[in-house]
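Worksheet: one structure, shown below.
The values are calculated or read from the model by the stated rules, or taken from the named source; none is laboratory data. Worth saying up front: this structure is predicted, and the values here are computed from it rather than measured. So basically every Cβ, Gly included, is an ideal-geometry build from the backbone, and we count neighbours across all protein chains shown.
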């Protein structure tokens, strides 16, 4: 029986749809990081619900010398109990990282950085998600009160060869409620050519250290940003051999031939 035009469409369309689906197939693979949830506090100093010092796997980022050249900046972790400082416990595990300052207000950003063993690959989409916390004022377990009104701003940067490839530059500012976390995301697709191909990738978490509106350096509250649950994945497109497309074209041709001469 001769195949109708409608019948031909019903046959050919699935063939092309299948080709498109397979051609755009991708594999999302998590990229291993060291201590992405800041649970490993080895080598840090414990102080009630805090630890002080660089978290395992992370290094201090201090382009403005406010950490190493000044005073009042503290890097470490916090154990949120769901009542003090944050309305919930940590988004992942028990601890979150803290980038805290009670001095050096507005004198430049600082943060944490980690360089990975993985390198920047061509034809790959990279996705980063991070929980960003807007800590509220509160009283610590030792009885000290911390005025943490406002939000000093943040950055989440995806690096390759130490250079910024993509970033979330404070997109959640004014959105994260006091005492809450929200998810920040960075996504970038690397094509066949990029100046940092083959170089080690990395993640950088930054406290912008900006004085909140309505305050000055003389009366600024303490400035802190908290981070947790960093996740990084790579989605690599799966290229199909040219023979696959030749086969698909041949199959389509056979269908058309049979329709025409049936």
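Answer yes or no as to whether residue 89 is part of a strand (DSSP E or B) and either out of contact with any helix residue (DSSP H, G or I) (no Cβ under 6 Å at 6 or more places or on another chain) or free of Cβ contacts under 8 Å to residues at least 40 places away in the same chain (or both). Reasoning before the result, please.
On the way: part of a strand (DSSP E or B): no; either out of contact with any helix residue (DSSP H, G or I) (no Cβ under 6 Å at 6 or more places or on another chain) or free of Cβ contacts under 8 Å to residues at least 40 places away in the same chain (or both): yes.
Against the criterion (part of a strand (DSSP E or B) and either out of contact with any helix residue (DSSP H, G or I) (no Cβ under 6 Å at 6 or more places or on another chain) or free of Cβ contacts under 8 Å to residues at least 40 places away in the same chain (or both)), residue 89 does not qualify.
Would you call residue 76 closer than 27 Å to residue 140 by Cα, surrounded by 14 or more Cβ atoms within 10 Å (Cβ to Cβ) and at pLDDT below 95?
Numbers: closer than 27 Å to residue 140 by Cα: yes; surrounded by 14 or more Cβ atoms within 10 Å (Cβ to Cβ): yes; at pLDDT below 95: no.
Answer is no for this residue.
List the number of the failed condition for residue 181; all other conditions in (1) surrounded by 19 or more Cβ atoms within 10 Å (Cβ to Cβ); (2) over 23 Å from residue 55 (Cα atoms) hold.
(2)
Okay, residues lined up against (1) without any contact (Cβ under 8 Å) to a residue 60 or more places away in the chain; (2) more than 19 Å from residue 72 (Cβ to Cβ); (3) out of contact with any strand residue (DSSP E or B) (no Cβ under 6 Å at 6 or more places or on another chain):
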| site | (1), (2), (3) |
| --- | --- |
| 113 | no, yes, no |
| 121 | no, yes, yes |
| 133 | no, yes, no |
| 143 | yes, yes, yes |
| 159 | yes, yes, no |
| 171 | yes, yes, yes |
| 193 | no, yes, yes |
| 210 | no, no, yes |
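Looking at segment 42-57, which of the residues that are assigned to a strand (DSSP E or B) and within 26 Å of the chain's Cα centre (by Cα) is surrounded by the most Cβ atoms within 10 Å (Cβ to Cβ)?
Residues of segment 42-57 assigned to a strand (DSSP E or B): 45-47, 50-52.
In the following step, the residues that additionally are within 26 Å of the chain's Cα centre (by Cα) were identified as 50-52.
Numbers: 50: 20, 51: 22, 52: 15.
So the residue we want is 51.
If we keep just the residues of segment 111-136 that are more than 17 Å from the chain's Cα centre (by Cα) and closer than 14 Å to residue 98 by Cα, which is surrounded by the fewest Cβ atoms within 10 Å (Cβ to Cβ)?
Among residues in segment 111-136 that are more than 17 Å from the chain's Cα centre (by Cα) and closer than 14 Å to residue 98 by Cα, the one surrounded by the fewest Cβ atoms within 10 Å (Cβ to Cβ) is 136.
I need the full set of residues from segment 60-79 which are on the phi < 0 side of the Ramachandran plot and outside any strand (DSSP E or B), in order please.
Those that are on the phi < 0 side of the Ramachandran plot and outside any strand (DSSP E or B): 62, 63, 64, 66, 67, 68, 69, 70, 71, 79.
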